[in-house]
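FYI, it's all coordinate maths here, none of it is from the lab. In this text the structure is predicted, and so the values were computed from the model without any measurement. Positions of Cβ are generated from backbone atoms using ideal geometry, with glycine treated the same way; all protein chains shown enter the neighbour counts.
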Amino acid sequence: MIFENTSQKFLNMPHWGYKPVFKGLTGIYFNASFRVLAIGMSGLFIPLFLLELTKDLSIVFLFYLVTQLIQLALIFPLNKLVSKIGPDWSMALGTIAEIIFLICLFFSSYYPTFIWLASFFAALVVPLYWFPYHLAFTSECDHKNLGKQIGIISSINRIVGAFAPFLGGLIITGWGYSPLWLFAVAIMLLSIIPLFVDQYDKKEKPAKLKNVINGLKGEKFRPFTISFVGVGIEAVIYGILWPIFVFLSLKRLDLLGAISCITLLTSLLLVFWIGKKSGKNSKKLINFGVKISSLNWLIKAFFTSALWLTIFDVVYKMASVFVWIPFDVLVYKKAKNNPVEVIMIREISIRIGILVGIILSWLVYEFLQSWTLTFAIGSLSMILIGKISETSSD
């Protein structure tokens with residue numbers, strides 16, 4: 001009883017017991033910048049590490065499949081935990097889970113079975129970190145200047161993360177994967193500190209299962225649900241299979257990192273412009289970006305030189321700016337009055353989309369072994385993402 005009372009007081013103690021020095025979400029923004037640097041260095045190379053370690057793309061698919069199934073199983077129980085301890089502690093725990101995930105990858109080089117423990121900790125990151133992150137932004141953002149705010153955040157993240165993939169590729173080329181995981185762990189540890197030095201620590205009530213189910217099935221929310229599924233499918237094609245395709249084409253990790261660096265930098269100026277235009281023009285911008293991105297996926301498998309891979313990735317990244325900034329504007333507007341349920345629907349739908357993307361890609365790999373058809377799934381994902389422009393909310 002004494003322990004419970006003491007622990008409860010400790011968890012409720014605001015910002016480690018001292019006055020916060022940053023207003024609003026500033027601490028979360030600093031935290032996100034550190035995370036972008038760590039993930040930019042390491043995230044691009046995780047699928048390649050798993051492929052080199054297991055020598056089997058099917059195992060890579062299975063790793064991500066298991067991760068998503070665990071996330072779906074834990075998302076509601078962990079949502080109750082988030083509502084009790086608040087976003088600061090929750091996001092700190094989510095970051096620690098990601099650190100343990102990276103440490104598991106480090107040990108996987110010596111004991112390959114550690115990848116399955118890594119899968120478990122990777123599954124904790126979305127419910128513990130990203131769920132309260134989106135709630136925080138929904139709660140604190142200025143809805144009159146939402147596009148501009150999202151554009152600024154996106155720009156900061158691109159500036160911070162622009163050279164990270166190239167640096168990650170150089171580290172792997174020179175010293176291997178293990179030092180890369182340790183570099184990322186060190187940066188992740190630093191990212192925890194800013195969470196506790198801003199004013200925001202709003203605790204939200206947990207999502208109600210009935211409301212989430214009704215939202216998932218409801219006709220009014222259907223354009224959002226379909227588009228979130230598309231986001232999940234796109235995450236598989238671009239986040240997992242595209243790096244593998246580029247590496248198999250070029251056989252050089254430093255070039256893979258350089259391509260990612262170039263694409264981030266070239267899309268930077270566009271982010272500012274799209275941020276200002278998002279709002280009343282959100283749907284038009286999304287439709288334009290979706291058309292370019294869909295076409296890009298259909299033709300990029302036919303070109304495998306470094307120059308063409310860079311060109312196609314630059315075009316894709318620039319087109320994606322037209323999609324993702326106004327996309328987030330529409331989502332945060334939708335979540336304004338009912339944030340917990342909307343963000344929960346978002347996360348569940350995206351997990352379902354990732355599962356669909358993994359299964360479809362796996363089937364193509366097992367039976368057809370065609371990159372062209374695999375990337376056609378990416379084209380399909382963009383069409384589904386474009387469904388959000390059919391919503392009545394703008």
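Derived scalar couplings between HN and Hα for the stretch 57-73 equal 5, 4, 5, 4, 4, 5, 4, 6, 5, 4, 4, 5, 5, 5, 4, 4, 6 Hz in order, rounded to whole Hz, by the Karplus curve 6.51 cos²θ - 1.76 cosθ + 1.60 (θ = phi - 60°), x for Gly and Pro.
In this rough spin-label picture, where each label sits 7 Å from Cα along the Cβ direction, the ASN214-ALA73 distance is 3.0 nm.
Close Lys pairs in the stretch 180-251 (alpha-carbon distance under 28 Å; sequence gap of 8 or more, or different chains): 8. Length gained on full extension, LEU363 to SER109: 88.6 nm, using 0.36 nm per residue less the C-alpha separation. Which shape class applies to the stretch 349-394: rounded if a/c is under 1.5, otherwise prolate when a/b exceeds b/c and oblate if not, where a ≥ b ≥ c are the square roots of the Cα gyration tensor eigenvalues? Oblate shape, in that a/c is at least 1.5 and b/c is the bigger or equal ratio.
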